[in-house]
Amino acid sequence: MKSAVENLEPTRVKLTVEVSYDELKPSLDHAYSHIGEQVNVPGFRKGKVPPRILDQRVGRGAVIEHAVNDSVPGFYNQAVAETDIKPMGQPSINVTEIPSVTGAPGGQLIFEAEVDIRPEITLPALDGIELTIDDVTVTDDDVAERLDALRERFGSLVGVDRPVADGDFVVIDLTAKVGDEEVDSVSGVSYQIGSGNMLDGLDEALTGASANETKVFTAALAGGEHAGEDAEVTVTATAVKERDMPAADDDFAQLASEFDTIEELREDLRAQVAKDKAADQAVQARDRLLERLREATDFPVPAGVVEAEIKRHLEAEGKEEGDEHGEEVREEITDLMRDQLLLDTLVEELSVGVTQNELLEFLISNAQQYGMEPNQFIQAASQTGQLPAFMGEIARNKALAVALRKVVVKNGAGDVVDLSEFIGSDELDAAGPEDAAASAESAESAESAESAESADSPESPESADSPDEAGEATAEKPAAKKAPAKKAPAKKTAKADTEAKAEEAPAKKAPAKKAPAKKAAAKADEA
């Protein structure tokens, strides 16, 4: 087999593959066998029909078409490996020549595959980077805020006979109309003034109102069939309550903690705040390192992959292709993909691996976030081919943590900051080769199972379903060893569905056609 690469754009290539008749022969033999099992020919048992008879009955072109559709994905993947390109998404395949349909057997198979590829990215030397982060300063106000939050947990709501004030809890009845049509109605709902988790203008309408006083205001609806439209909202606060918190004294300390005095509790809260702010330092250092890497690199993001992700995002929101919302999220999706491509390069440069335990911990954590049983979540992730995407996310997180160990991090006073509690140490960083290989193998097996299941689909895919190769629009920020998990570097995207789903993916079978063919397409909290 011969293969050649032609650069069409900085992030798109055309792969031309030539397959000799002898190399295609096994696929032709399989095609004869498969078709022979489906054709009834008098005088022959199924599966025992000679090729020359099948040529007469179904036509040699149909056999060749079957063989081409079956073999092109494999030859494509072989060519990708030989040319060392890094595809993103599914290729567009065009068969330009097939073996001779008439006369003596012979000829060759030639096809072209156009596909988006990962751009070349050159990262700066990590040991030459110095980052400055904020100092850890714990104020009395920080401690008081933490103590008040604890007191609120042990407080209770009591009714008050006065107008509604900021922070109050109100029980409301609400209706919304667009024109003469009532589009929403709720009754007996508890809402805290100032939380801002319902309608714009609700706080202003209720503040100063008395119990059972009705207010009318106009607000844009945030969701539903009339999302974005202005509605006339009528609201009544049927009850007004305030939170009655226990006094901050020794009795409270004994009730809410293992301490005997309020001063001991305050000191413990001060230590908690200091630890949290130190973790925030690690997050800040991580973000600033990523920003430094962004500034030091300039590379194009594959346009086809961006378009495919925009389309997927619109579909997830029930919108048609070409909807104006697509342009609203274009920059956001592009930036997220750029970050993932950057971090994927960092993963490769630092040879970061993922262990089975890390993958398992990640899956269990995500299962808890979605309120699912871990086994159920893991099974769903495997069936939908998301394990490679999760492994990619873990690897990116680890790569930034490892990179942080190689740069100099200082505070405002110029002192070097030790972040090892949160980003780990070099002795514990990378995955052991056996665990990494086993983890990759299990993920690839799940992906292969899904690919096999969908291989016969006649649809022409535009991109793969995993963001492992620089594509998921919702990657989380690389988490430090025990730093609080925060969301991804870059903007918060339409996490919605998106994690930009583009990966290095095998070509799928081309749809079968009547032969002979010259082309084969692959394809919120209430109180």
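The values are calculated or read from the model by the stated rules, or taken from the named source; none is laboratory data. Just so it is clear, the structure is predicted and the values come from calculations on it, not from any experiment. Note: ideal-geometry Cβ built from the backbone for every residue, glycine included; neighbour counts use all protein chains shown.
The figures follow:
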{"item": "Of all residues making up the stretch 138-154, the number that are among the acidic types (Asp, Glu) and farther than 24 Å from residue 281 by Cβ", "result": "2"}
{"item": "Test: residue in the stretch 151-169 that is farther than 30 Å from residue 274 by Cα, within 35 Å of the chain's Cα centre (by Cα) and surrounded by fewer than 16 Cβ atoms within 10 Å (Cβ to Cβ)", "result": "no"}
{"item": "Residues of the stretch 244-256 classified as surrounded by 14 or more Cβ atoms within 10 Å (Cβ to Cβ) and in a helix (DSSP H, G or I), total", "result": "5"}
{"item": "Filtered residues of the stretch 107-136 (kept if farther than 30 Å from residue 22 by Cα and of a type in the set (A, V, I, L, M))", "result": "117, 121, 123, 125, 126, 129, 131, 133, 136"}
{"item": "Number of the condition not met by residue 328 [criteria: (1) over 30 Å from residue 419 (Cβ atoms); (2) in contact with a helix residue (DSSP H, G or I) (Cβ under 7 Å, 6 or more places away or on another chain)]", "result": "(2)"}
{"item": "Condition check for residue 391: assigned to a loop (DSSP other than H, G, I, E, B) and modelled with pLDDT of 90 or more", "result": "no"}
{"item": "Count of the stretch 18-42 residues which are surrounded by fewer than 17 Cβ atoms within 10 Å (Cβ to Cβ), of a type in the set (Gly, Ala, Ser) and closer than 13 Å to residue 66 by Cβ", "result": "1"}
{"item": "Hits in the stretch 77-101 - residues which are of a type in the set (D, E, K, R) and under 16 Å from residue 8 (Cβ atoms)", "result": "86"}
{"item": "Checking residue 119 against (1) in contact with a strand residue (DSSP E or B) (Cβ under 6 Å, 6 or more places away or on another chain); (2) closer than 17 Å to residue 9 by Cα; (3) not aliphatic (A, V, I, L, M), the condition it does not meet", "result": "(1)"}
{"item": "Answer residue from the stretch 257-312, given it is of a type in the set (Asp, Glu) and surrounded by 14 or more Cβ atoms within 10 Å (Cβ to Cβ) and is farthest from residue 324 (Cα to Cα) among those", "result": "264"}
{"item": "For residue 183: the one exception among (1) touching a Lys or Arg at 6+ places or on another chain (Cβ under 9 Å); (2) among the hydrophobic types (A, V, I, L, M, F, W, C); (3) exposed (fewer than 12 other Cβ atoms within 10 Å of the Cβ)", "result": "(3)"}
{"item": "Residue identified as of a type in the set (D, E, K, R), surrounded by fewer than 23 Cβ atoms within 10 Å (Cβ to Cβ) and out of contact with any helix residue (DSSP H, G or I) (no Cβ under 7 Å at 6 or more places or on another chain) among 84, 70", "result": "84"}
{"item": "From 242, 264, 232, residue being more than 19 Å from residue 160 (Cβ to Cβ) and at pLDDT below 95", "result": "232"}
{"item": "Matching entry among 206, 269 (being over 27 Å from residue 147 (Cβ atoms), at pLDDT 90 or above and not β-branched (Val, Ile, Thr))", "result": "206"}
{"item": "Residue in the stretch 296-318 that is in a helix (DSSP H, G or I) and within 30 Å of residue 129 (Cα to Cα) present", "result": "yes"}
{"item": "Residues (touching a helix residue (DSSP H, G or I) at 6+ places or on another chain (Cβ under 7 Å) and of a type outside the set (A, V, I, L, M)) located in the stretch 300-316", "result": "309, 313"}
{"item": "Residue match in the stretch 207-218 (condition: out of contact with any Phe, Trp or Tyr (no Cβ under 9 Å at 6 or more places or on another chain), β-branched (Val, Ile, Thr), in a loop (DSSP other than H, G, I, E, B) and farther than 30 Å from residue 255 by Cβ)", "result": "yes"}
{"item": "The stretch 62-111, subset assigned to a strand (DSSP E or B), over 31 Å from the mean Cα position of the chain (by Cα) and β-branched (Val, Ile, Thr), residue nearest to residue 301 (Cα to Cα)", "result": "95"}
{"item": "Qualifying residue in the stretch 230-243 (condition: in contact with a strand residue (DSSP E or B) (Cβ under 9 Å, 6 or more places away or on another chain) and part of a loop (DSSP other than H, G, I, E, B))", "result": "no"}
